[in-house]
Every structure is written in structure tokens, then in C-alpha cells.
2 protein chains.
Amino acid sequence: MALSDEIFLIAKKARAASFEVANLSSTIKNGALEEMAKGLEENAELLKTENAKDLARAKEKGLTEAMINRLTLSQKVIASMAAGLREVAALEDPVGIVTDVKVRPNGLRIGRMSIPLGVIGIIYESRPNVTADAAGLCLKSGNAVVLRGGSESIDSNRAIAKVLAEACQKCGVPEAAIQVITTTDRGAVLEMLKLEEQIDIIIPRGGEGLIRFVVENSKIPVIKHYKGVCHVYVDVDADMENAVNIAFNAKVQRPGVCNSMETLLVHNDIAASFLPLIAGVYKEAGVEIRGCAQTCAILPEAKQATDADYAKEFLDLIIAIKVVEDLDGAKAHIERFGSLHTESIVTENYTNAERFIREINSSSVMVNASTRFADGFEYGLGAEIGISTTKLHAFGPMGLGELTTKKFIVYGDGQIRE
Amino acid sequence: MALSDEIFLIAKKARAASFEVANLSSTIKNGALEEMAKGLEENAELLKTENAKDLARAKEKGLTEAMINRLTLSQKVIASMAAGLREVAALEDPVGIVTDVKVRPNGLRIGRMSIPLGVIGIIYESRPNVTADAAGLCLKSGNAVVLRGGSESIDSNRAIAKVLAEACQKCGVPEAAIQVITTTDRGAVLEMLKLEEQIDIIIPRGGEGLIRFVVENSKIPVIKHYKGVCHVYVDVDADMENAVNIAFNAKVQRPGVCNSMETLLVHNDIAASFLPLIAGVYKEAGVEIRGCAQTCAILPEAKQATDADYAKEFLDLIIAIKVVEDLDGAKAHIERFGSLHTESIVTENYTNAERFIREINSSSVMVNASTRFADGFEYGLGAEIGISTTKLHAFGPMGLGELTTKKFIVYGDGQIRE
């Protein structure tokens, strides 16, 4: 079969299944999620055997250790996939929730009901655990899903897909509700991105390169975030202990993720006292400092920062620092260089805290907290399918609720329009 | 200046203004809306003079009477534009509303706050009243707007834009918050649709041709609806009087709009009794009937319907009728031919009513009410910027709330992540 036909057929089956999945009861969906978890555990040896084929090819190709790590299905990773599915089963069903009901003067009762988006396409790198995680979230939210993982993980994904499909079949969920594209043909993603009639939304998960490729080529709406250039602004009225703790935690606790801080903004009037404090703890942790002229004057060890540094997501133990005049200076910097991900102010000043919360329109804005909290689990969403830094549909960490939309429901007793 | 530079400059100014508009108080925004209304009234003669130039050219070009009608700025249209702006001023400000606040175990207070989308692009046909209507809704929701109306209405739009800009200037709203593209160059829309860094969302308003052109060419997310193929399903347990009233009202009251019914689905067991009733009133109103074989057997005056008829938005006194086995038959027909706009069931049966509400995932689903109610005013949204039949971001009639999104706000007292 031609590649385009093969992908079209998968998407068409997903569309047909989506009508059925949308109306499954929570009991059936949760039963399938539990069965999927059990299936992964019971087939752990098979999964590891299939994963070994991917790993062998990956090593031959000379993939980096980090990539090999993400590709590996260890007993621990399999257990965590199963646990993730059980956690999703335990979450509240996001479908069918009725809100905003009002009675109109003519007696019509009008409200909104949450419904699934329909068919979701997930495009991700060679991390086979995403296959089970994303499939679980899409099923729980009543969506059909078409998954396409990185080509290095094909054998692992095929094995996981088989386990998930068997669980679906056992539990009354249409098999086509969860489909994994396992062709080795690298053109599969491009074919998938054309199918706007069959797929309602694409969620790419991975590095900026993958995401830009998807956005450039998709006819289907994409929910995405390119990068997290997160800021902490230490205000003149900051509690110094909070400021040091938060600026340290936001940079150092896990520098390789999108909600870690990349640029530290410091109020002019406390720069001379604060910068040496934070530089001291950064030095111990091996953090490289790139600063503006004023920063460099206070911290002789700092390198000169360029505009490119302020726009960059280092994902590493490197921090850009800028001394600003005041809150307006911090705002202007964030508006120019920010990525709409997460910004935090450290201050004891009421007006500045509230102005920051109100006036900075990034997807997460914080007062006296580390940017590292910006994720679905920490926010209590119970799960996270991704983060959006575009304002349409979802903005910030996306949980199950963001995989639904709302229709209007209207209850009448014979009303007609005059 | 080259066209691309001209349009880029407008969009860039809009982006810069959007940061300021987002944080204007309701008082300032409402003051500007009132001033805009006053300005339109006081400049009615000027508007009519400029409009006359557009009208003269339109008549020369031989535009249809309907198009000339939509293009005309009569005293009544101007008064209604002014009244519309005052109504928007009276609506609740949709920006800054805090919801979903929860306290996490670590003491973080996390909630969501509504914020403007940013810069909205509106592309519409030669209906100059849309210029004021859309500008008012975008301003009230804290967005900057770039408006591009049909090329036949350029002089009218330029005059309206001047009045709106003067009102903004008087009231502390940045002038670039409301900009109208008035070049005669027809390439302006294409240039506008490229500016994904400057414009957050495109809302096209007009016929299916315009909307498809925008979707095909836009790099910016588009909120849209192509057409409304709305259905009424008369169930076996329908109250006959309700069924006749609703099926008549939905088709005849205003056939030229998207929420009028195009296809009537009738349960097999009542077809023989119901069809002659509705055919009688349709005949008096001059409605042409195109039916399935069963319909034609009952109604000799009916023409044979084709699949194309069932997929068509007639926008006219033509109705397609199909006899179906039961609710599942109606569902299958709607899933195949529907446009996700509005569907209504007429029934006294509790289970069928609730199944219809739950299982049909169109943007509006109704029980015992005319599809004609599917609009923002009738739903109590206070205004309507358009209707979306795609599920992302907004689904159904869009009011002021749909011109906003929600960011996460996080209040801490020094929390760091362990």
C-alpha cells in the first residue's frame, strides 16, 4: 500500500472510532486503562526484547547516551508507564461536565457540556513511554489518538501498541481508538499532517526542531511550545533569603527542563548586595554567569551577555543576568525576550506583586515561587499532556481538561424564534 | 512603501499597542466605546458622503442588490453601529477574571486569570458596519485589532477608522489598538496572513469562499465556520404541534442565515402522519422539498434528494428531508452530513432527549427548540464576534469571553521545588 493510503486509512479508522469513544462510560474507559497497565506489566519481557532491537540499532547509529536513555524500556520505566495509566484511571472523567447553565427569558435552559476534541495526533521523539502515557490521557478524555514516535523506537512502539490494543479489545473500547504508526518510512509524519478532515489537533512533544517542523508542515491546528525562556525578577523589596533560594532552585534543581529559569532580572538598587550572594551559591553549583555591563562590574567572574544570550533557552548550568531600573524595566525585558512560558517575581511589595501578576501575560506568572513549579502535576491537574505557550485553546500546562472542548446544550419546550 | 512593509508596520504597531490595551481599566475602555459611538453619530454626514463613493463604484461594477444593501451606511445602520458600541460598553469586562483557585499541599495558591488573546485580525466582506462592531468587541476584551474589509468598502472603512481613532486618542486608548487596512491593493490579506509573530488569531467573517481562502493561506490560527447544515430530528415520540412549529420556524423564519435548518430527519413510524402536516405549511410558505424515496412516496410534490442535497447549505426556501429508522439513524446521518453547527431533536421521550444532547457533538445541540436560537445574543453572551464549528478554543457562538484566554497565576511565600 502507498504510504499516503496507509496513513489515511489509520486516520479514517480513528475518526470512525472517535464517535464511539466519545460516548464510552467512565467505567469502561477506566477498566481499559487498568487492563492496559496490567498488560504492560505482564508483557514486560516481550517489551524489553523488542526494545533491545531498537537499542541495538541506536547504538550502531551512535546515538548519544541521553537519547539511548530515553529510548530504554527498563523494568522501572515499564512499571512507571503502568502506574501512570492507573493514575489516569483514578482521575475524574473530564467528559460530560455541564457548566454555565442559565435560564433565558423565553424559558430556554442553555448551558455548556464538555466533550472530547475528537481525534488527536501525537508526534514525539524516540521515547516509547510517551506512547502509553499519551494513549492513556487521550482515552480517558474520550478521544481517539494516532501516535507517531521517533523512528528509532519503532519496535518498542509496535510492541506497546499491541498490548494496548489487546486491552482495548478485552474491555469494549474500539481497537482503532489507539493506533500507533509503525512504518519505518520517515514521510509518515508529513502524510499525517495533511489529514485535516480526519485529525482535529496535533500535539508535538519534543525539542524545538521537531516542533517547528510540525508547525511548518501542518494543515491541522497544532498546540505547542517552542521553548521556555523563563525569568525570575528580584524586586527592590525582595526578601533576600527567598530571592537566593528561588533564583538558585529555578536554575539549578533541574536545568535541562523548560520551566527552569534562563534569565535573572535584578532591581538596580539591590544589585550590589544581591548579586554577590547568588553568585556565591551559583559558583558552588558550577553555574556559568553571563551578565549585562552592570552585572559584570559587580561580579568580575561574569562574562558579557549578548542579546542572543537573553533570547536563549540554555537548558544547562548557564544563567543570563540583567540589572533593570524597576518593574517596568523587567516587564520590557520579558516582553522583548520572553517565550510566554513562566515568569516569577520575588518581592514583599503588594503593589509590585499584583502588578506583575496582572500585567505579565505569560502562561504562568508567579509571586515568590520557583518557576520549576510550572507543570501539570504541581498545579494539581493530575496529569500533563504538554505545555502550550500559544494562547489559543490552552495556555500553560495542559491536563485532561485541555483535551476537551465545550458544546452548547439547549433544553426547550417548543420555543421558536419570533 | 512596499505592500508587505506597509502591512507589517501596521501589525507591528498593533503588537506594541496590545501590551498597553491588555491592561487598560474597564473605565477607560468603556469611555472610549461611548466616545466612538458619539463620534459615529456626530460624523454621520461625513460617513454617508464617503460611503457614497464606495456605492457609486459598486453600482458601476454591477454588484448585486444584496451586496449594495450590505455596503450601504444609512442613518439607520450608523445608529445601529453606535447602539452596538454602547451595548458592548455595558457588558461585563471579560479580562482579569480569576477562577479555579486552589491551595496546593505546599501552600501555593494556584488559579487562572482571563487575559486578552493579544492581536486579532478580522477579515470580512464589504460590510462597513462590521468595522465598528468588531473593533468594539476587540477593544472591550483588551485586544488590539487589525481590520481588513472588502475592497468595495474602502472609503467607508477609512472614514469609520478615522472616527474610531479620534475617539481612542481622546480617551487614553493607544491609536494603534484599532487599525483598518485601507490600501486598495488586494494582496493585503495575503500579507496579513503571514504575520504569525504579530497577529495571534484570524477571524474571517463572510461566505464559505472567503473563509476557505483565509484558511488555505493563513500561517496564523483561524477561528471559523464554513457553513451551517443544521438538522431537526422529529422523533417517534415528538409532540406533533411542537414538531410542526419548530420544523417550520427553523426553515422559514430567516432561511438565509447559518442557523436555519437545511435537513429535516423524520422517524419512520411517524413519517406518514407528520410529513403531510409539515408539507402543508411549507407549501404555503413556498418551500421546495427534496426528499428520500420514502418521503417522495408520501409527498408526491417532493423532488428526489441526492447526497449533494444533504451536504448542502441551501440558505434558501429549500428543505432536504430524510426518513430514518430511529435515533441511531438520525445520528449516523448527522455524523455523515453535518457541519457541527446546530442540531435539534423534537421529542417527549426522556431517554432519546438525553441521548441526543449527550451523543451528538455539534457546537449546539437542542431539545424541542428551533435551531434559529443558535447565536450569541439569544444565548445571553451579550454579543457575538462569530461562530466556530471547529473544536479548538471556541465551539459555537463566540462572545467576549472567547476573545480571551486564561493564564495560570501562582501565589507563593518562598516555595522551591525539592
Problem set entry | Only one of B:ASN43, B:ASN30, B:ASN51 that is in contact with a Ser or Thr (Cβ under 6 Å, 6 or more places away or on another chain) and polar (S, T, N, Q) | B:ASN51
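With respect to A:ILE334, is the statement that it is closer than 25 Å to A:VAL244 by Cα and at the interface with another protein chain (Cβ under 10 Å from one of its Cβ atoms) true?
On the way: closer than 25 Å to A:VAL244 by Cα: yes; at the interface with another protein chain (Cβ under 10 Å from one of its Cβ atoms): no.
For A:ILE334, the condition - closer than 25 Å to A:VAL244 by Cα and at the interface with another protein chain (Cβ under 10 Å from one of its Cβ atoms) - is not met.
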For this session: Give the residues of the stretch B:189-219 that are surrounded by 21 or more Cβ atoms within 10 Å (Cβ to Cβ) and more than 17 Å from the chain's Cα centre (by Cα), sorted by residue number.
Result: B:VAL189, B:GLU191, B:MET192, B:LEU193, B:LEU195, B:GLN198, B:ILE199, B:ASP200, B:SER218
Problem set entry | Total residues in the stretch B:3-58, condition surrounded by fewer than 21 Cβ atoms within 10 Å (Cβ to Cβ), hydrophobic (A, V, I, L, M, F, W, C), under 14 Å from B:ILE199 (Cβ atoms) and within 14 Å of another protein chain (Cβ to nearest Cβ) | 1
Exercise. Take the residues of the stretch B:367-393 that are of a type in the set (Gly, Ala, Ser) and part of a strand (DSSP E or B): which is farthest from A:VAL119 (Cα to Cα)?
Worked result: B:ALA369
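Go through the stretch B:112-126 residue by residue and tally those that are surrounded by fewer than 22 Cβ atoms within 10 Å (Cβ to Cβ) and more than 14 Å from the chain's Cα centre (by Cα). Show your work before the answer.
First, the residues of the stretch B:112-126 that are surrounded by fewer than 22 Cβ atoms within 10 Å (Cβ to Cβ): B:112-114, B:125-126.
Retained after the next criterion (residues that are more than 14 Å from the chain's Cα centre (by Cα)): B:112-114, B:126.
So the count comes out to 4.
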For this session: Search the stretch B:299-317 for residues that are in contact (Cβ under 8 Å) with a residue 12 or more places away in the chain and pair each with any residue that is surrounded by fewer than 16 Cβ atoms within 10 Å (Cβ to Cβ) when their beta-carbon atoms are under 6 Å apart and the residues are at least 6 apart or on different chains.
Result: B:LEU315/B:GLY256; B:LEU317/B:GLY286
For this session: Out of the residues in the stretch A:86-103 that are part of a strand (DSSP E or B) and more than 9 Å from chain B (Cβ to nearest Cβ), state the one that is nearest to A:ALA167 (Cα to Cα).
Result: A:VAL98
Problem set entry | Every residue from the stretch B:276-291 that is basic (Lys, Arg) and either over 21 Å from B:ASP307 (Cα atoms) or not in a strand (DSSP E or B) (or both) | B:LYS283
Exercise. Filter the stretch A:245-269 for residues that are among the β-branched types (Val, Ile, Thr) and buried (at least 19 other Cβ atoms within 10 Å of the Cβ); which is nearest to A:GLY329 (Cα to Cα)?
Worked result: A:VAL266
For this session: Scan the stretch B:178-189 and report the pairs whose first residue is assigned by TED's automatic domain parsing to the domain that holds B:ILE10 and whose second residue is surrounded by 20 or more Cβ atoms within 10 Å (Cβ to Cβ) and in a loop (DSSP other than H, G, I, E, B), with Cβ atoms within less than 7 Å and a gap of 6+ or a chain change.
Result: B:ALA188/B:ILE181
Seminar exercise, completed: Those residues of the stretch B:240-265 which are assigned to a helix (DSSP H, G or I), among the charged types (D, E, K, R) and at the interface with chain A (Cβ under 9 Å from one of its Cβ atoms) amount to B:GLU241
Exercise. Can B:ASN106 be described as within 14 Å of chain A (Cβ to nearest Cβ) and touching a helix residue (DSSP H, G or I) at 6+ places or on another chain (Cβ under 9 Å)?
Worked result: yes
Exercise. How many of the residues making up the stretch A:357-378 are surrounded by fewer than 23 Cβ atoms within 10 Å (Cβ to Cβ), aromatic (Phe, Trp, Tyr) and in contact (Cβ under 8 Å) with a residue 12 or more places away in the chain?
Worked result: 0
Problem set entry | Leading residue by the ranking (nearest to the other protein chains (Cβ to nearest Cβ)) among those in the stretch B:386-407 that are within 14 Å of the chain's Cα centre (by Cα) and hydrophobic (A, V, I, L, M, F, W, C) | B:PHE395
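The values are calculated or read from the model by the stated rules, or taken from the named source; none is laboratory data. Keep in mind the model is a prediction, meaning the values are calculated, not measured. Note that we place each Cβ from the backbone using ideal geometry, even for glycine, and neighbour counts take in every protein chain shown.
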